[in-house]
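First up is the structure itself, then whatever we jot down about it.
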Amino acid sequence: MDETDLFIIGGGPAGLATAIAAQRKGFRATVSDCAIPPIDKACGEGLMPDGVESLAKLGIAIGPGVGYPFRGIRFHGSRSAVDAAFPKGCGYGMRRTVLHTLMIQRAAEAGVSLLWGTRVTGISEDAVLLDEGSIRCRWIVGADGSQSNVRRWAGLEACRYDLRRFGFRRHYRLAPWTDRMEIYWCEGYQIYVTPVGPEEVCVVVISHDSYLRLDDALERCAALSARLKSAEVTSAERGGLSASRGLENVCRGRVALVGDASGSVDAISGEGLRLCFEESLALADALASDDLPGYQAAHARLIRRPTFMARSMLLLERPWFCRRAFRAFASKPALFASMLAVHVGAMPPAEFAASGLSLGWRMLTA
């Protein structure tokens, strides 16, 4: 029987990040996935500045030529728009398959054992069970996504909350028209536009309606529809789940969960990738200290800010709230800049509280 220190089930960004972080702590890490890379996923394909910093901690540098930079966020309402630059650094957009390839290369350089096209059928007290044989390991990590089998096998399914929305993504051959990542707020849904190359943008619609597709959504978003009307479609429409899920526990015994398997924040936050990178680093620290329960506390801290920000932004789904918020932002643009600074971890929450009170007052008087 083969042996490893850490067996990671799931070879997406969360699994690869965990393997890289573990190898850097001196552990032998093995990653398995039944898919063959590069693995694609329906997502907004944007890394916020704090996500770029988190990825750098794993030894992966993102810059011009690898990703396409965007320097802030722009919200479009029905009658107005508001934007702000990031307080420091920039975000990068890139195809998910490009990011996955970069992470595979870094994992291989770090000495991670990669088992592609390998299906895990279960876990036991001291091993993982494969279609053919088993591998003994000290720890098992579930990085197998929102429908995690590892979570079920380990008895970690209990949730504090579980809210779901649905996203559909497509790419267009079109030069980015702004250095911002854009979010169009429409009644009942949002459309995200991320530049992923000098001649390509990623467009995603997210809503509570599992039947809403991009073409239907764009029909009700005239400004964006006009931009995309003559652009060549460069990918098939691909769908996925955007979940806000908080688990009671993310580890038990010798099993830990990372990435979407461990809970998630709504895609509106743009923080899903950063979270999985930071979770991988926190888990590696906990394993190095032989303190797996310590990962539970670290995970709770990591997910707190993006969860709060996602819930705050989703208040804009309510038309009356959206109208008043946009009027408040228009009257004092610094409010939007402050919210963005908190969102990317560049402003302490205490300062945001003051901005929040100011926003609330302006909304009441707008």
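Within the bounds of segment 212-225, is there any residue that is among the basic types (K, R), part of a loop (DSSP other than H, G, I, E, B) and in contact with a strand residue (DSSP E or B) (Cβ under 8 Å, 6 or more places away or on another chain)? Yes.
One line per residue, one yes/no per condition, for (1) in a loop (DSSP other than H, G, I, E, B); (2) acidic (D, E); (3) touching a residue at least 12 places away in the same chain (Cβ under 8 Å):
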position	(1), (2), (3)
A14	no, no, yes
F27	yes, no, yes
G44	yes, no, yes
D50	no, yes, yes
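Restricting to segment 54-91, give me the number of residues that are of a type outside the set (D, E, K, R), over 26 Å from Q23 (Cα atoms) and in a strand (DSSP E or B). Total satisfying the criteria: 13. Against the test of being in the same structural domain as G15 (by TED's automatic domain parsing) and either of a type in the set (D, E, K, R) or within 30 Å of K25 (Cβ to Cβ) (or both), the options R323, R304 yield a single qualifying residue, R304.
Which members of segment 92-118 meet the condition of being in a helix (DSSP H, G or I), among the small types (G, A, S) and surrounded by 17 or more Cβ atoms within 10 Å (Cβ to Cβ)?
Narrowing segment 92-118 to residues in a helix (DSSP H, G or I): 96-110.
Next, from what is left, pick out any that are among the small types (G, A, S): 107-108, 110.
Answer for segment 92-118, where residues must be in a helix (DSSP H, G or I), among the small types (G, A, S) and surrounded by 17 or more Cβ atoms within 10 Å (Cβ to Cβ): A107, A110.
Matching residues to (1) buried (at least 17 other Cβ atoms within 10 Å of the Cβ); (2) part of a helix (DSSP H, G or I); (3) β-branched (V, I, T):
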residue	(1), (2), (3)
D260	yes, yes, no
I268	yes, yes, yes
L275	yes, yes, no
S280	yes, yes, no
H299	yes, yes, no
W320	no, yes, no
R324	yes, yes, no
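The listed residues are L275, L302, L315, and the only one of them that is aliphatic (A, V, I, L, M) and at pLDDT below 90 turns out to be L315.
Could you list, in sequence order, all residues of segment 190-211 that are in contact with a strand residue (DSSP E or B) (Cβ under 8 Å, 6 or more places away or on another chain) and more than 18 Å from K41 (Cα to Cα)?
Kept after step one, since they are in contact with a strand residue (DSSP E or B) (Cβ under 8 Å, 6 or more places away or on another chain), are these residues of segment 190-211: 190-210.
Matches in segment 190-211: Q190, P198, E199, H208, D209.
The selection criterion, being at pLDDT 85 or above and not in a helix (DSSP H, G or I), does not hold for D285.
Only one of the numbered conditions (1) in a strand (DSSP E or B); (2) closer than 19 Å to C251 by Cα; (3) among the β-branched types (V, I, T) is not met by V150, and that is (1).
Only one of (1) touching a Leu at 6+ places or on another chain (Cβ under 6 Å); (2) more than 26 Å from G11 (Cα to Cα) fails for E199. Which number is that? In the conditions (1) touching a Leu at 6+ places or on another chain (Cβ under 6 Å); (2) more than 26 Å from G11 (Cα to Cα), E199 misses (1) alone.
The values are calculated or read from the model by the stated rules, or taken from the named source; none is laboratory data. Please read all numbers here as calculations on a predicted model, not as lab measurements. Reconstructed Cβ throughout: ideal geometry from the backbone, glycine too, with neighbour counts over all protein chains shown.
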